[in-house]
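The values are calculated or read from the model by the stated rules, or taken from the named source; none is laboratory data. Small disclaimer: the values here were computed from a predicted structure and weren't measured. Neighbour counts are summed over all protein chains in view; Cβ atoms, including those assigned to glycine, are modelled from backbone coordinates with ideal geometry. Quick note on the areas: whole protein, heavy atoms, side chains included, nothing else; ligands and nucleic acids left out. Shrake-Rupley method; radii C 1.70, N 1.55, O 1.52, S 1.80 Å.
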Amino acid sequence: MFSLGTETFSLPLEEKLKYEQGDSGRSFGYKKIGGNAVDASGLSDASEFMNIAKDDVLAFPRVVHRDYPSTVTAAMASVVRPFVCKSLEVNNTFLRVFNHQLGLPETSLEGLHARDQQSCSEARLIKAPPIPGKALADRPIIGAHSDFGSLTFLHNILGGLQVILPGETEWKYVKPIPGHAICNIGDSLSVFSGGILKSAVHQVVPPPGEQGEHERWSLVFFTRPNNTQVLHALVEDSPTIAESVKQYPVEKFNTGSTAIEWFYRRIKYQRLNNRVGPESWAASRGTEHDPDAK
Ligand SMILES: O=C(O)CCC(=O)C(=O)O
Ligand SMILES: [Fe+2]
């Protein structure tokens with residue numbers, strides 16, 4: 001997958017832009033460097049993405065959502081599909097464990113993330129160029145966010161990923177360990193579980209020290225719920241979840257959004273093309289956002 005990233009991001013910008021994800025909130029396709037805001041002031045990001053839909057990968061050569069650059073199409077069967085299938089298998093193992101621990105009826109979570117239902121699940125390749133000197137050293141490569149879907153399975157090579165753990169206020173580095181992946185819970189699973197599982201806020205800053213002289217690469221798979229699934233705490237299915245929600249305001253887990261609406265809103269308002277002011281950043285926020293925070 002990393003070789004596919006090298007081939008794809010080496011294409012001329014003009015070619016890559018033919019596959020741009022657009023401003024509607026859909027993420028499948030290419031995102032150029034600087035396409036997204038990293039904060040409320042509208043500072044731009046410093047990484048390019050190629051996002052490949054799970055549905056397009058599994059249905060290939062039939063197109064479900066969109067087409068991709070020739071490098072991706074050529075590698076779809078031999079490289080992308082095995083990566084997506086393995087990622088789905090691993091994420092399903094996590095879903096089964098969480099399902100059990102949350103006391104949900106068997107296969108509830110797997111059913112909400114069904115392989116054969118359309119979703120915003122996707123593979124993502126990320127490349128960030130080296131950031132020379134100290135001038136931009138404090139500027140995030142990817143702004144602070146919680147992940148939008150349910151589970152993230154991340155392979156990164158250099159440091160730079162930072163997280164604020166639940167209940168804490170300080171950024172901590174998440175060090176990549178060779179042969180290991182980083183798993184992260186997103187908003188959707190946090191909502192389904194009534195806040196028992198937390199979607200931690202994270203960001204990517206320029207890799208520390210000498211690592212900053214190298215290109216930074218990541219490979220991610222995001223498992224997101226079936227598009228039509230309404231995001232709400234699964235209180236009727238689990239006494240454990242019903243108990244948990246009692247400690248939160250009633251509206252906290254009644255998002256009133258389907259999975260696709262939640263996702264499109266977050267993607268759409270972090271796009272700089274859609275920015276009108278700091279309110280756009282606020283509109284892109286997820287479960288991490290405290291509307292009363294300054
Ligand atoms: O590149 C990384 O280490 C993290 C990427 C990330 O947080 C994301 O794509 O949602
Ligand atoms: Fe993330």
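Observations on the model:
- Only a single item in (1) surrounded by fewer than 24 Cβ atoms within 10 Å (Cβ to Cβ); (2) out of contact with any Lys or Arg (no Cβ under 9 Å at 6 or more places or on another chain); (3) more than 27 Å from LYS16 (Cα to Cα) is not met by PRO225, and it is number (1).
- Pairing each residue of region 62-84 that is of a type in the set (A, V, I, L, M, F, W, C) with any residue that is surrounded by 14 or more Cβ atoms within 10 Å (Cβ to Cβ) and in a loop (DSSP other than H, G, I, E, B), provided the two are 6+ apart or on different chains, yields C-beta distances under 6 Å for MET76/PHE60; PHE83/MET1.
Residue-by-condition table, conditions (1) buried (at least 16 other Cβ atoms within 10 Å of the Cβ); (2) in contact (Cβ under 8 Å) with a residue 60 or more places away in the chain; (3) not small (Gly, Ala, Ser):
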{"position": "VAL230", "(1), (2), (3)": "no, no, yes"}
{"position": "ALA233", "(1), (2), (3)": "yes, no, no"}
{"position": "VAL250", "(1), (2), (3)": "no, no, yes"}
{"position": "TRP262", "(1), (2), (3)": "yes, yes, yes"}
{"position": "TYR269", "(1), (2), (3)": "yes, no, yes"}
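- One residue stands out among those in region 1-23 that are assigned to a helix (DSSP H, G or I), open to solvent by 10 Å² or more (accessible area, probe 1.4 Å) and polar (S, T, N, Q): the one that is farthest from SER284 (Cα to Cα), which is SER3.
- Residue within region 98-118 that is touching a residue at least 60 places away in the same chain (Cβ under 8 Å), among the aromatic types (Phe, Trp, Tyr) and closer than 23 Å to SER284 by Cα present: no
- Where helices (runs of 4 or more DSSP H) fall wholly inside region 24-120, the ranges with 3 or more residues that are within 16 Å of ligand 1 (Cβ to nearest atom) are 81-101.
- Note on region 175-202: residues that are more than 15 Å from VAL163 (Cβ to Cβ), of a type outside the set (A, V, I, L, M, F, W, C) and either assigned to a loop (DSSP other than H, G, I, E, B) or more than 16 Å from ligand 2 (Cβ to nearest atom) (or both) amount to 6.
- Residue in region 139-160 that is open to solvent by less than 80 Å² (accessible area, probe 1.4 Å) and more than 16 Å from ligand 2 (Cβ to nearest atom) present: yes
- LYS127 more than 15 Å from ligand 2 (Cβ to nearest atom), touching a residue at least 12 places away in the same chain (Cβ under 8 Å) and part of a strand (DSSP E or B): yes
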